[in-house]
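Peer 1: Dumping the structure here so I can ask a few things about it.
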Amino acid sequence: MSKTLFAIFGNPVSHSKSPLMHNLAFEKLGFDGCYARYLLEDGSRLKETFFDLKLKGVNVTVPHKEDAYEACDVLDPFAQKVGAVNTIVEKEGKLYGYNTDAPGFLKAISEFDAVKTVLFLGAGGTAKSTAILLKEAGYDVAILNRSGGRLTYFQEHGFQTYTFDDFVPRAYDLIINMTSAGLEDDALPCPSDILEKVIPSAKACVDVIYGKETPFLKLARTYQKPTKDGSDMLLYQGIIAFEYFTGHAYTFNAIKQHMQKALIL
Ligand code: NDP
């Protein structure tokens with residue numbers, strides 16, 4: 001029998017660690033699967049491409065998470081609520097869509113004790129899904145973004161929102177960079193005078209970017225704050241996706257034991 005096929009769809013996709021993460025776990029757990037990367041240029045062709053390639057499941061990354069949402073026949077209630085899908089599984093010809101980014105992020109920050117108030121820097125797709133889940137989990141989340149346009153969604157969902165111009169500093173337990181500032185440049189996610197007002201009273205600072213220390217985390221370290229990059233988020237979203245891909249045949253910890261090795265290779 002041929003292997004069960006999976007892939008990641010994105011543009012760009014060459015940097016993705018997902019193939020390594022999933023293939024390592026398939027091999028070590030004895031699941032007869034193979035996971036590839038696919039440069040998907042046109043998001044509207046996602047469904048057609050999925051079936052042409054005879055895939056069983058995909059992860060979807062930038063910029064196609066909203067197209068993935070549109071392509072699914074059945075949506076998990078959380079994916080439905082946030083309008084973004086990063087994991088698709090085919091069952092009897094239908095595409096089932098899930099969002100594992102936000103639960104992965106929630107798990108990644110659960111190591112910080114006694115955290116109640118959170119400031120998000122950024123208001124993109126990742127901020128949307130994680131803000132909703134953190135709110136449901138009892139966190140008090142405020143959103144600060146460079147421009148006002150993306151804040152409407154958050155206002156409609158009852159979040160306190162600010163732009164750089166109208167920000168009113170207060171004490172936040174966690175400051176989280178949800179932007180791509182620092183990914184391929186040396187930019188901070190917001191002006192340094194704002195960060196200098198909120199970092200000193202924070203318990204920790206977190207970045208969703210992984211694999212490098214961003215200017216934001218470097219600044220946080222000058223205040224002796226505990227920091228965390230996006231590696232655990234990446235790992236945990238991958239483990240939860242793997243659970244869907246394999247029909248929950250393996251425990252979270254069994255998958256983690258193997259998948260996490262991909263992040264140090
Ligand atoms: P989006 O493109 O949806 O949103 C980008 C956000 O960043 C917007 O709020 C934008 O502000 C802001 N932004 C971009 N550049 C700057 C800058 N130079 N200064 C200030 N603000 C800026 O991105 P995503 O939500 O999809 O992704 C955000 C980050 O999360 C990326 O770095 C991505 O790599 C990372 N990520 C990490 C994951 C992990 O597993 N660790 C999983 C998913 C994402 P504006 O509205 O003003 O344009």
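The values are calculated or read from the model by the stated rules, or taken from the named source; none is laboratory data. Just so it is clear, the structure is predicted and the values come from calculations on it, not from any experiment. Cβ atoms come from the backbone with ideal geometry, glycine included; neighbour counts cover every protein chain shown. Remember, those area values only see protein heavy atoms, side chains included, never the ligands or the DNA or RNA. Shrake-Rupley method; radii C 1.70, N 1.55, O 1.52, S 1.80 Å.
Peer 1: Modelling each spin label as a point 7 Å along the Cα-to-Cβ direction, I'd like the residue 76/residue 51 distance in nm, to one decimal.
Peer 2: About 2.4 nm separates the two model spin labels.
Peer 1: With only Lys, Arg, Asp and Glu charged, each at its Cβ (+1 for the first two, -1 for the last two), find how big the charge dipole of the range 120-265 is about the Cα centre; round to the nearest 20 debye.
Peer 2: 320
Peer 1: Right, here's the next one. How many angstrom lie between the Cα centre of the range 34-90 and the Cα centre of the range 110-147?
Peer 2: 25
Peer 1: How big is the dipole moment of the chain about its Cα centre under a simple scheme where the beta carbon of each Lys and Arg is +1, that of each Asp and Glu is -1, and everything else is neutral? Debye, nearest 20, please.
Peer 2: Roughly 560 debye, rounded to the nearest 20.
Peer 1: Modelling each spin label as a point 7 Å along the Cα-to-Cβ direction, I'd like the residue 155/residue 254 distance in nm, to one decimal.
Peer 2: About 5.0 nm, to one decimal.
Peer 1: Helix 125-136 versus the longest principal axis of the chain: what is the Cα-based angle in degrees, 0 to 90, to the nearest 10?
Peer 2: In the chain, helix 125-136 runs at an angle near 80 degrees to the longest axis.
Peer 1: Divide, for the range 192-265, the radius of gyration over alpha carbons by 2.2 N^0.38 Å, where N is the residue count.
Peer 2: After normalising by residue count via 2.2 N^0.38 Å, the value is 1.42.
Peer 1: Loop only by DSSP, 15 or fewer other Cβ within 10 Å of the Cβ. Give me the GluC sites (Glu not before Pro) in the range 96-182 that pass, ordered by residue number.
Peer 2: Sparse-neighbourhood loop GluC sites (Glu not before Pro): 111.
Peer 1: Note the full-extension length gain between residue 197 and residue 38 as 0.36 nm times their separation in residues minus their Cα-Cα distance, in nm to one decimal.
Peer 2: The span from residue 197 to residue 38 would gain 52.9 nm if fully extended.
Peer 1: With viscosity set to 0.890 mPa s at 25 °C, what whole-number translational diffusion coefficient in µm²/s follows for the range 31-164 from Stokes-Einstein and a Kirkwood radius over Cα pairs?
Peer 2: 152
Peer 1: Scan the range 1-110 for GluC sites (Glu not before Pro) in coil per DSSP, keeping those whose Cβ has at most 16 other Cβ atoms within 10 Å, and list them by number.
Peer 2: Counting only loop positions with at most 16 other Cβ atoms within 10 Å, the GluC sites (Glu not before Pro) in the range 1-110 are 41, 92.
Peer 1: In nm, give the distance between the simple-model label positions of residue 218 and residue 183, each being 7 Å from the Cα along the Cα-to-Cβ direction.
Peer 2: Inter-label distance under the simple model: 1.9 nm.
Peer 1: Wrap a convex hull around the Cα atoms of the chain, take a quarter of its surface area, and give that in square nanometres.
Peer 2: Seen from a random direction, the Cα hull of the chain projects 14.1 nm² on average.
Peer 1: Moving on. When only alpha-carbon atoms count, how far does the range 113-225 stretch along each of its three principal axes, as whole angstroms with the largest first?
Peer 2: Ordered largest first, the range 113-225 gives principal extents of 35, 31, 28 Å.
Peer 1: Hey, got a sec? Which trypsin sites (Lys or Arg not before Pro) in the range 1-91 land in a DSSP loop and have at most 14 other Cβ atoms within 10 Å?
Peer 2: Answer in residue order: 3, 54.
Peer 1: Taking all protein chains in place and a 1.4 Å probe, what share, in percent, of the accessible surface of the chain do carbon and sulfur account for?
Peer 2: Carbon and sulfur atoms account for 50 percent of the accessible area of the chain.
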